[in-house]
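The values are calculated or read from the model by the stated rules, or taken from the named source; none is laboratory data. Predicted model, so just to flag it, every value in this text is computed and none were measured. Please note: Cβ atoms are built from the backbone with ideal geometry, for glycine as well, and neighbour counts cover all protein chains shown.
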Amino acid sequence: MKMIHAQIAIGSVCLVLAFTITLQIRSVSYNRVNNPNTLRAEEIQKQLRQAQENNLKYAEQVMQLKEDLAAFKTDAAESSDYSKTLLKQLERAELLAGLTSVEGSGIIVTLRDSKAENTGNIDPNLYVVHDADVLWLMNELRDAGAEAMQLNGERIISTSEIRCAGATVSVNNNRTAAPFEIIAIGDPVNMENALLMRDGVYDTLRYYGIEITIKKASKVTVNAYKGNISFKHAIPLQAAQ
């Protein structure tokens, strides 16, 4: 009889233990599936994989388009006068749009945050290079005849933004931080004079200790724009009519 009671007791314990383990497993599974953090992480991973696949697909398309364009240029250069005219127009359009790397005489300007100690009640933000400072300097260069510019390697085109993004500056939707190197192609003397005019951008930034160096060069290189250019709302006038 004792043996039977013992077996029943052991069986009961095993059943309770099995039930507890099953309940625990279901609880863990439920939490894993329904936990917002887990779901969020899995969704992010899924989106990341999809974005990587899209980037690979787009990169292949870009390479194919570049190959097609190169083939077109080669054929056009060996074809009729009309094709050669079209090729020249295409090259000029690429030049104006900033889609090709260019070189020429120019200027290199570097901006660094001030290292001076603020001993007064002056706003400490005045000792840091801001997007407004970069814009002011680049506008002076444009007014002095700059034909192509880049900021920390990012080509500046008509749709480029230069705006504050926390402790950095956003350009072409890419964040970049000080020191800021601006390379501009144009007449080096005219551009330097535009920056050094009295009470201009150079004097103002130097007043707050912003380090600004200007270097003229007989040859500098400005990179091609590498981003995507798309117009969703602006269309040629003739096409709109």
Practice problem: Restrict the check to the stretch 147-156 and report whether at least one residue is crowded, with 21+ Cβ neighbours inside 10 Å, without any contact (Cβ under 8 Å) to a residue 60 or more places away in the chain and part of a loop (DSSP other than H, G, I, E, B). | Solution: yes
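From LYS88, LYS115, grab the single residue that is modelled with pLDDT of 75 or more, loosely packed, with under 13 Cβ neighbours inside 10 Å and closer than 30 Å to ARG206 by Cβ.
Details: LYS88 fails: closer than 30 Å to ARG206 by Cβ.
Sole residue among the options that is modelled with pLDDT of 75 or more, loosely packed, with under 13 Cβ neighbours inside 10 Å and closer than 30 Å to ARG206 by Cβ: LYS115.
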Quiz item: Being modelled with pLDDT under 95 and more than 19 Å from the chain's Cα centre (by Cα), is that true of even one residue in the stretch 178-193?
Solution: no
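A quick yes/no check of all residues on (1) under 24 Å from GLU103 (Cβ atoms); (2) of a type in the set (Asp, Glu); (3) in contact with an Asp or Glu (Cβ under 6 Å, 6 or more places away or on another chain):
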| residue | (1), (2), (3) |
| --- | --- |
| ARG163 | no, no, yes |
| ASN173 | no, no, no |
| PRO179 | yes, no, no |
| ILE185 | yes, no, yes |
| ASN190 | yes, no, no |
| TYR207 | no, no, no |
| THR213 | yes, no, no |
| LYS226 | yes, no, no |
| PHE231 | no, no, no |
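Rundown of residues vs (1) on the phi < 0 side of the Ramachandran plot; (2) of a type in the set (S, T, N, Q), yes/no style:
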site: ASN193; (1), (2): yes, yes
site: ASP199; (1), (2): no, no
site: TYR202; (1), (2): yes, no
site: GLU211; (1), (2): yes, no
site: ILE214; (1), (2): yes, no
site: GLY227; (1), (2): yes, no
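Here's the yes/no breakdown for (1) surrounded by 10 or more Cβ atoms within 10 Å (Cβ to Cβ); (2) at pLDDT 70 or above; (3) under 30 Å from LYS88 (Cα atoms):
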| site | (1), (2), (3) |
| --- | --- |
| VAL33 | yes, no, no |
| LEU39 | yes, no, no |
| GLU42 | yes, yes, no |
| GLN45 | yes, yes, no |
| LEU48 | yes, yes, no |
| GLU53 | yes, yes, no |
| GLN64 | yes, yes, yes |
| GLU67 | yes, yes, yes |
| ALA70 | yes, yes, yes |
